[in-house]
1. Over the chain, with the other protein chains present, what is the accessible area per residue in square angstrom, probe 1.4 angstrom?
2. Suppose each label sits 7 Å from its Cα in the direction of the beta carbon; what would the D30-K4 distance come out to in nanometres?
3. For a quick check: with amide H placed at 1.01 Å from N, whose amide H comes under 5 Å from N63's, ignoring anything fewer than 5 positions away on the same chain?
4. Across region 87-99, in residue order, what do the Karplus-derived ³J(HN,Hα) couplings come to in whole Hz, using 6.51 cos²θ - 1.76 cosθ + 1.60 with θ = phi - 60° and x for Gly and Pro?
5. Just need the relative contact order of the chain here, percent rounded to a whole number, with Cα pairs under 8 Å and 6+ apart.
6. Considering only DSSP states other than H, G, I, E and B, which trypsin sites (Lys or Arg not before Pro) in region 34-89 qualify as loop sites with at most 16 other Cβ atoms within 10 Å?
7. State the percentage of accessible surface on the chain attributable to carbon and sulfur atoms; use a 1.4 Å probe and exclude ligands, DNA and RNA.
Amino acid sequence: GNPKGYDEITHLEAVGRTLAGVAPWLSLPDDDTEEGKLRKQMREEVLKGLKNAVDPNSPDKLNFTKQPQPIVDAAYLVHAFLRFSTLILLLQPSVKPFVIVVVNELSMPVSQFIIVFAHLTNCGISQL
């Protein structure tokens with residue numbers, strides 16, 4: 001079985017790592033090809049998902065505070081913003097402050113390994 005509390009951290013991990021991977025593709029310009037149309041649709045869905053991920057009233061809000069693991073996973077999410085620098089600009093104006101707040105809510109680092117991710121996250125926040 002999974003360790004206790006594992007189910008509380010897997011969603012942010014999946015979102016962060018996936019977005020970090022597809023961010024360069026999502027940042028490409030729209031075009032009329034089948035892939036371009038799919039990319040535009042995926043970008044719109046990512047924006048809706050990010051809105052829900054950081055909305056404190058959403059049932060889809062991701063865990064940024066329980067256990068130390070979200071420090072690592074939030075770094076991947078911030079990495080996506082760094083790889084697709086205009087993504088933050090595409091968010092609704094009301095969403096950006098929530099992104100900054102939830103990333104700033106992260107727990108304090110507990111090991112040298114985690115400190116690297118915490119610093120990556122802080123560098124990313126400075127770019128938002």
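1. On the way: 7590 Å² over 128 residues.
Spelled out: the 1.4 Å probe surface of the chain, per residue, equals 59 Å².
2. 5.0 nm
3. The answer is L12.
4. Couplings: 4, 4, 6, 7, 5, 4, x, 6, 8, 3, x, 5, 4 Hz.
5. This gives 32 percent for the chain.
6. Hits after loop and neighbour filter: K61, K66.
7. Ligands and nucleic acids excluded, carbon and sulfur reach 58 percent.
The values are calculated or read from the model by the stated rules, or taken from the named source; none is laboratory data. These numbers were taken from a predicted model, which means no experiment stands behind them. All Cβ positions, even for glycine, are placed from backbone atoms using ideal geometry, and neighbour counts span all protein chains on display. The area values use the complete protein model at the heavy-atom level, side chains included, leaving out ligands, DNA and RNA. Shrake-Rupley method; radii C 1.70, N 1.55, O 1.52, S 1.80 Å.
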